[in-house]
Amino acid sequence: MMVPAIAIEGLEKTYPRRWRSPPVVALGGISLSVEPGEAVGFIGANGAGKTTTIKILMGLIQATGGSARLFGTSVALPSARLGLGYVPENPYLYDYLTPLELLAMGMRLHQVKVHDAERYCLDWIGRLGLAPVAKKAIRSFSKGMTQRVAIAQALCINPRLLILDEPLSGLDPIGRRDVVEILSEYKRGGGTLFLTSHVLHDVERLADRFGLIHEGVLRAVRSPAELTGDQESVLVRTFGQTAVDGMREDFAGRWIGEVPRSELWARLAALQQAGHVLLEVRPSLSLEVAFMRAVGQS
Ligand SMILES: Nc1ncnc2c1ncn2[C@@H]1O[C@H](COP(=O)(O)OP(=O)(O)OP(=O)(O)O)[C@@H](O)[C@H]1O
């Protein structure tokens, strides 16, 4: 059997009492495993326990109960994190360094050797859209630019596992698109991803499974097919000149309708006969809504 990339069992974290504040139970015993080559999105509202989980995996804080392993090695051992890429929620980078220097340093720390290291790092910097500032101190960078450097640094070591805490926050729409594309490519190449987000939409294109965490409890772990596969109706969008029963015209002159799954093929045939061109067929509930329903949040 393959060793899971991440194996979390009954993980607990209670932050101790401070001054007048009572102890905070951030994780109430969560269990989750991520297989090599898999991408898992960890979704939850502010304060749900996502960052706490990641900090435990990264050895930045200690769990108060349960266990966590990376490729079979306990997170208590620093060697568990060799060859692992990590992008924290608010990356703190040595800001007197340039992106080129920082990437080179990361490669040395992870003992990654490539033929022409400078060229290799510049290539990664370029892919994150930072070529013009490759040799400028990070100190002068915006939040989004800093985030891009952190992502380049995590990816350039060719990690066997990539852990990202809110990787898209702070990025503009183009940055988001670029990063989703780069992460998809990493996954297609066999990489393993564990990433957090407040919203499922952000990680929809990347994740094979989604885990919903709520107040320190993992409420459900589901694949997109499990979420949308058993919906009883399907949304159909067409383009055509004539009205067809059950379809309504939208403002752009397209036709849209919810069709019971059992009638789909008959309805598509009727639409074709009426001269409609098929534009889209998809589950009528968005993944986000389906997920919220699955865990009883809506
Ligand atoms: N150092 C700390 N001391 C005390 N409580 C903490 C500490 N860090 C986090 N918490 C609490 O633990 C709970 C989980 O926080 P965590 O940062 O893991 O949530 P999150 O899901 O990452 O939230 P966000 O999306 O806002 O980053 C919250 O109630 C938070 O207030």
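Some values worked out for this structure:
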read-out	value
Cut-off 13 Å (backbone N to label point 7 Å along Cα→Cβ of GLU35), residues of region 193-217	208-209
For region 149-298, radius of gyration divided by Kirkwood radius, i.e. Rg to Rh on alpha-carbons	1.08
Contour excess over end-to-end distance, with Cα ends at THR73 and VAL277 and 0.36 nm allotted per residue	68.0 nm
Two-decimal Rg/Rh across region 160-199, once Rg and the Kirkwood Rh are taken from alpha-carbon atoms	0.97
Whichever aspartates and glutamates have a C-alpha closer than 13 Å to that of LYS50, once near sequence neighbours (fewer than 8 apart) are set aside	GLU12, GLU89, ASP165, GLU166, GLU215
Relative contact order, percent, the chain [alpha-carbon distance under 8 Å, six or more residues apart]	20
Estimated 222 nm signal from helices in the chain, with DSSP H stretches of n ≥ 4 weighted -39500 (n - 2.57), rounded to 500	-8500 deg cm²/dmol
In nm, spacing of pseudo-spin labels at ALA269 and MET105 (7 Å Cα→C-beta vector)	6.8
C-alpha center-to-center spacing [region 105-161, region 42-70] in angstrom	26
Spatial extent of region 94-159: Rg and Dmax, with the Cα atoms as the point set, Å	10.6, 32
Gaussian network model of the chain, springs between alpha carbon atoms under 10 Å - residue of SER262, SER197, SER21 with greatest fluctuation	SER21
Dipole of region 101-255, positive end: most advanced residue of GLY211, VAL149, HIS198 [Cβ charges, Cα centre]	VAL149
Region 228-294, Cα convex hull volume normalised per residue, Å³	85
Over region 194-276: Rg over Rh, Cα atoms, Kirkwood Rh	1.15
Solvent-free Debye scattering, log10 I(q)/I(0), computed from the Cα coordinates of the chain at q = 0.14 Å⁻¹	-1.05
Share antiparallel - DSSP beta bridges, the chain, percent rounded to 5	70
VAL3-ASN46 FRET efficiency (beta carbon distance; Förster radius 22 Å; 0.05 resolution)	0.10
Cβ-derived FRET efficiency at R0 41 Å, ARG248 paired with TYR96, nearest 0.05	0.10
Whole-number percent relative contact order across region 228-294, with pairs defined as alpha carbons under 8 Å at least 6 apart	46
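Throughout, read-outs are computed from the coordinates displayed, never taken from laboratory work. Nothing here was measured: the structure is a model prediction, and the numbers come from that model. For neighbour counting, all protein chains shown are included, and Cβ atoms are generated from backbone atoms with ideal geometry for every residue, glycine included.
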